[in-house]
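What follows is a short report on a single structure.
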Amino acid sequence: MNKLAKRAWFALALAGVLLLGMGVIVVRYFIDSPDWVTFQNSPHVYTDGVMNSGKIVDRGGAVVLDATNGKSYADSASLRRSMLHLLGDREGNITPFLLQEYGSELVGFDRINGTYSTGKREGRMMLTVSADVQRTALAALDGRKGTVGVYNYKTGEILCAVSSPTYDPDDVPDVEGNPETYEGVYVNRFLHATYTPGSVFKLVTAAAALDEIPDIGSRTFTCEGSAVIGGETIQCNGVHGTLNFEEALAHSCNVVFGEIAAELGPKTLMRYAEQVGVTRRYSFDGTTTAAGSFDVSDAAESELAWAGIGQYTDQINPCQYMTYMGAIANGGQAAEPYLMQKISRAGQTVYEAKTETTGQLLSAATATTLGGMMRSAVVNQYGAWQFGALTVCAKSGTAERENGPADAMFAGFVEDEAYPLAFVVFAERGGSGSQTAAPIAAKVLTACKTMLDTPNPNS
């Protein structure tokens, strides 16, 4: 009887282990099966290492990648180059994060029926970007390293996300043999790089000043070309004389903003950098932006002044900063950005993006005041004429480097109901933000307007 009892208990234990194992397998199947099906060497969805997944099109329906039988990029070389960092290359040096994230939806996998046959799959991804705008942005950069981003701050649709340097995935250059030309080519600068912002960061300092310094709007300041703050001389870009807060932003006066940063103090500036989102990460469509940084907790007073101007150790991610521009445009909160608009299979929509908001990054009153100051800067400093019929509000930036020309930045938004666009331009070694980055922004925004004015059969 003892032997029988022992055997019975052993059998029960074995059955319990088997049941537990089956339970783990079932749970993992429901959680992980989409990844199992779309792994790199799956014979059901890959041929010669390429996912047989369907077509990827831009917002207007132009095919930018045909992966129904292998991988075929767009016919236009300029379009292939402009889309490289979104679609990846054949060698896997640049990750096709959109295909990785939505591969199971595109190939037609479900947990009950498995994968559809290739003939029935007919997957189709529609991106938010415009092929024409992508090409315009890459051409406007004119060979410079950097990035251009534009998005709809009401919906979150990214219309442009170009990173340079780039290359044609159908005509791959000798990257390793040309390190200077292709430095950082595998990095998506819009999503995964950070930059010293230069004077565009003054829009963060200005937001803090508007909230924390009650008389900031009525104050006058004096700029004699430099000022001593914390024992160090802060150089300005000119001698501005007597000016008010709005004029200080329009002239991008380092003296005034250095003094304001010192008055605000490190804790307040760090709190506002976090509050407006320039140090946060945004995650969407299978990717996560690089995190910006603003740490002045141990900074000397002179270092704090430089930080408030946009130098010191400040780092911002272009996508993050573009979203902050959207918040200023939209009463203090904006839509979070995204790249994937819709996925359909056999004519049926299986995925469609939904607008998510950032939450309140700054008060509506502060956003309105900042927007007005940025508009004044465009009208009085940058030249509203170059933006045509678009009502652009913006701020330029010139981030100094230890060696060689400075980086040029230009960021802002369009204040028109029909064109709710926020944008950012970073042109590495471009020198002046107003002279180099602003004209790039003008070309790209004009292309966006043309695209939005053209009826979209896919909308």
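For this structure, a couple of remarks:
- Residue within segment 428-439 that is out of contact with any strand residue (DSSP E or B) (no Cβ under 8 Å at 6 or more places or on another chain), surrounded by fewer than 24 Cβ atoms within 10 Å (Cβ to Cβ), part of a helix (DSSP H, G or I) and not hydroxyl-bearing (Ser, Thr, Tyr) present: yes
- Residue within segment 210-217 that is in the same structural domain as residue 292 (by TED's automatic domain parsing), under 24 Å from residue 399 (Cβ atoms), modelled with pLDDT of 95 or more and in contact with a Gly (Cβ under 9 Å, 6 or more places away or on another chain) present: yes
- The residue that is nearest to residue 367 (Cα to Cα), among those in segment 277-317 that are touching a His at 6+ places or on another chain (Cβ under 9 Å) and part of a loop (DSSP other than H, G, I, E, B), is 317.
- Residues that are in contact with a strand residue (DSSP E or B) (Cβ under 9 Å, 6 or more places away or on another chain) and of a type in the set (Gly, Ala, Ser), drawn from segment 349-408: 353, 371, 372, 376, 377, 384, 394, 396, 397, 399, 406, 408
- Residue match in segment 187-200 (condition: among the β-branched types (Val, Ile, Thr) and loosely packed, with under 15 Cβ neighbours inside 10 Å): no
- Restricting the first member to segment 334-357 and to residues that are at pLDDT below 90, and the second to residues that are surrounded by fewer than 19 Cβ atoms within 10 Å (Cβ to Cβ) and of a type in the set (Asp, Glu), the beta-carbon pairs closer than 7 Å and six or more apart or on different chains are 345/122; 346/122.
- Test for residue 289: is it of a type in the set (Ser, Thr, Tyr) and within 30 Å of residue 162 (Cα to Cα): yes
- Here residue 119 fulfils each of the conditions (1) part of a helix (DSSP H, G or I); (2) under 28 Å from residue 322 (Cα atoms); (3) modelled with pLDDT under 95 apart from (2).
- Index of the failed condition, residue 409 passing every other in (1) part of a strand (DSSP E or B); (2) under 18 Å from residue 422 (Cβ atoms); (3) touching a Lys or Arg at 6+ places or on another chain (Cβ under 7 Å); (4) not small (Gly, Ala, Ser): (3)
The values are calculated or read from the model by the stated rules, or taken from the named source; none is laboratory data. As the structure is a prediction and not an experimental result, all values here were calculated from the model. Glycine gets a Cβ as well: all are built from the backbone with ideal geometry, and neighbour counts include every protein chain shown.
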